[in-house]
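Colleague: Structure incoming, see below.
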Ligand code: PMP
């Protein structure tokens, strides 16, 4: 399979693709990213991901490095060059290359843009969802603006690694006794009344695009969604739990800190929501973007 990356206007072999060592993304994590899913060549939650990208950039006083249609055309070209139809696309924009100084570089410094694509295996994701995953709770050690999707992910990496070493799939991050979100997903529980509970938007969580669409799906099915923080103890008493992310879709959580959630199997609410999410995204997926050469 060819592996091709887009780097600052050029399509290059992934193995050779590189950015300058003075790129501010490399030096300072001064940049943002997006991850979105394309199934059968169509974007899922396209507007949500592009809107969030624009917002993340604007929070760092940056603007989109190219128009949305141009970005979509590059992504389409990248998929074609990689011969992919189902893909996870990674887009990263940094403040560009400049002599290393903390303050922003001079006006006119050109942002760096890197786009990569890798195959997405929906069947493998389905298999994982039929078993469900375990999560491990730990302290949330991230900065106070995790609503911005910056490339500064060290605490998330450390948390995920600690979870994996303990045999769990995901880390649930806890601040002031409340679960904020996962290391790379949003966290949800379902209580005895059948209410779906997830942390409200704000500076303490990343506003997941899958979270947003899942809320819409739940409400369409007359499920009650309550956006409020929940404690670890509440999560352990919950009837069900699940996580959402573009890479995972709606993924049932079957254990928290080694203890089973509810029956210890994927719960009916999470399963129905997952089906609704899959249906919604495949029905209203964006048009296939036209590739440029
Ligand atoms: N929270 C964090 C910290 C994440 O990294 C992600 C994945 N990007 C999410 C939530 C889920 O966001 P989305 O549904 O947009 O993938």
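Where a number appears in this text, it was derived from the coordinates with a stated rule and is not lab data. Keep in mind it's a predicted model, so treat the numbers as computed, not measured. Reconstructed Cβ throughout: ideal geometry from the backbone, glycine too, with neighbour counts over all protein chains shown.
Colleague: Rounded to the nearest 5, what % of the DSSP beta bridges within the chain are antiparallel ones? Working shown, then result.
Modeller: Numbers: 47 of 58 bridges.
Once the DSSP bridges in the chain are tallied, antiparallel ones form about 80 percent.
Colleague: Quickly work out the residue 203-to-residue 157 label distance, labels modelled 7 Å from Cα along the C-beta direction, and quote it in nm with one decimal.
Modeller: 2.5
Colleague: If you don't mind, another one. Report the far tail of the P(r) of the chain, meaning the percent of Cα-Cα pairs longer than 27 Å.
Modeller: On the way: 18318 of 42778 pairs.
Within the chain, distances greater than 27 Å cover 43 percent of Cα pairs.
Colleague: Right, next: Mind sorting 118, 72 by how few other Cβ atoms lie within 10 Å of their own Cβ, fewest first? Walk me through the numbers before you get to the answer.
Modeller: Working: 118 14, 72 21.
Ascending Cβ contact count within 10 Å gives the list 118, 72.
Colleague: Something else now. If R₀ is 25 angstrom, what is the calculated FRET efficiency for the pair residue 68 and residue 3, using the beta carbon separation as r and rounding to 0.05? Kindly include the intermediate steps, with their values, before the conclusion.
Modeller: Values: r = 25 Å, r/R0 = 1.01.
Given R0 = 25 Å and the Cβ-Cβ separation, E is 0.50.
Colleague: Which angle between 0 and 90 degrees, to the nearest 10, do you get for helix 68-81 versus the longest principal axis of the chain when only C-alpha atoms count?
Modeller: Between helix and principal axis, roughly 90 degrees.
Colleague: Moving on to the next point. Quick one: order 107, 16 by neighbouring beta-carbon count within 10 Å, fewest to most. Kindly include the intermediate steps, with their values, before the conclusion.
Modeller: Numbers: 107 5, 16 8.
Going from least to most buried by this count: 107, 16.
Colleague: Something else now. How would you classify the stretch 187-269 from its alpha-carbon gyration tensor, with a ≥ b ≥ c the square roots of the eigenvalues: rounded for a/c under 1.5, else prolate if a/b is greater than b/c, otherwise oblate? Walk me through the numbers on the way to the answer.
Modeller: Details: a/c = 1.44, a/b = 1.32, b/c = 1.09.
Cα axes put the stretch 187-269 in the rounded bin.
Colleague: Between residue 234 and residue 86, what is the label-point separation in nm under the 7 Å Cα-to-beta-carbon projection?
Modeller: Rounded to a tenth, the inter-label distance reads 3.6 nm.
Colleague: Taking springs between alpha-carbon atoms closer than 10 angstrom, which of 98, 124, 214 fluctuates most in the Gaussian network model of the chain?
Modeller: Checking each option, the largest mean-square fluctuation is seen for 124.
Colleague: Ok, one more. Determine the gain in length on full extension of the stretch residue 29-residue 275; use 0.36 nm per residue of separation and subtract their C-alpha separation, reporting nm with one decimal.
Modeller: Working: separation 246, 0.36 × 246 = 88.56 nm, distance 3.65 nm.
Extending this stretch completely gives an extra 84.9 nm.
Colleague: Mind checking which of 201, 154, 88 has the largest fluctuation in a GNM of the chain, springs on alpha carbons under 10 Å?
Modeller: Among 201, 154, 88, the largest GNM mean-square fluctuation belongs to 154.
Colleague: Considering the chain as a Gaussian network with a 10 Å cut-off on Cα pairs, which listed residue, 155, 69, 260, attains the greatest mean-square fluctuation?
Modeller: Of 155, 69, 260, the most mobile in the Gaussian network model is 69.
Colleague: Assuming 0.36 nm per residue, please report the length gained on full extension of the stretch residue 259 to residue 144 beyond their Cα-Cα distance.
Modeller: Values: separation 115, 0.36 × 115 = 41.40 nm, distance 3.00 nm.
Full extension of this stretch gives 38.4 nm more.
Colleague: State whether the stretch 115-169 is rounded, prolate or oblate according to the following rule on the C-alpha gyration tensor (a ≥ b ≥ c being the square roots of its eigenvalues): a/c under 1.5 gives rounded; otherwise a/b larger than b/c gives prolate, and the remaining case gives oblate.
Modeller: Numbers: a/c = 2.45, a/b = 1.29, b/c = 1.90.
In terms of gyration-tensor shape, oblate.
Colleague: Considering every Cα-Cα pair within the stretch 157-196, what fraction, in whole percent, is farther apart than 17 Å?
Modeller: Numbers: 304 of 780 pairs.
Percent of Cα pairs beyond 17 Å in the stretch 157-196: 39.
Colleague: Percent antiparallel among DSSP beta bridges with both residues in the stretch 76-208, to the nearest 5?
Modeller: On the way: 15 of 20 bridges.
Taking every DSSP beta bridge within the stretch 76-208, about 75 percent pair in antiparallel fashion.
Colleague: In which sequence would 188, 44 go, from the one with the fewest C-beta neighbours within 10 Å to the one with the most?
Modeller: Numbers: 188 31, 44 23.
In increasing order of surrounding Cβ atoms, one gets 44, 188.
Colleague: Show that you can apply the helix-only estimate: for the chain, add -39,500 (n - 2.57) for every DSSP H stretch of four or more residues, divide by all residues, and state [θ] at 222 nm to the nearest 500. Walk me through the intermediate numbers first.
Modeller: Numbers: 8 runs with 90 residues, N = 293.
-9500 deg cm²/dmol, from helical runs alone.
Colleague: Over all directions, how big on average is the projection of the convex hull of the alpha-carbon atoms in the stretch 1-128, in square nanometres? Walk me through the intermediate numbers first.
Modeller: Numbers: hull surface 34.1 nm².
Average of the hull's projected areas for the stretch 1-128 equals 8.5 nm².
Colleague: In addition: Angle check, please: helix 154-165 long axis (alpha carbons) against the longest principal axis of the chain (alpha carbons), in degrees 0 to 90, nearest 10.
Modeller: Long axis of 154-165 versus the principal axis of the chain: about 50 degrees.
Colleague: Turning to a different aspect of this structure: Could you tell me what percent of the DSSP beta bridges with both partners in the stretch 173-258 are antiparallel, to the nearest 5?
Modeller: Taking every DSSP beta bridge with both residues in the stretch 173-258, the antiparallel ones total about 85 percent.
Colleague: What is the angle, in °, between the Cα long axis of helix 46-59 and the longest principal axis of the Cα atoms in the chain? Nearest 10 is fine, range 0 to 90.
Modeller: 70
Colleague: Which of rounded, prolate or oblate describes the stretch 88-142 when judged by the alpha-carbon gyration tensor and an a/c cut-off of 1.5?
Modeller: Details: a/c = 6.67, a/b = 1.89, b/c = 3.53.
Taking the square roots of the gyration eigenvalues as a ≥ b ≥ c, the stretch 88-142 is oblate.
Colleague: Figure the gain on full extension for residue 283 and residue 51 (residue separation times 0.36 nm, minus the Cα-Cα span) and round it to one decimal in nm. Let's see the in-between values first.
Modeller: On the way: separation 232, 0.36 × 232 = 83.52 nm, distance 2.04 nm.
Answer, rounded to one decimal: 81.5 nm.
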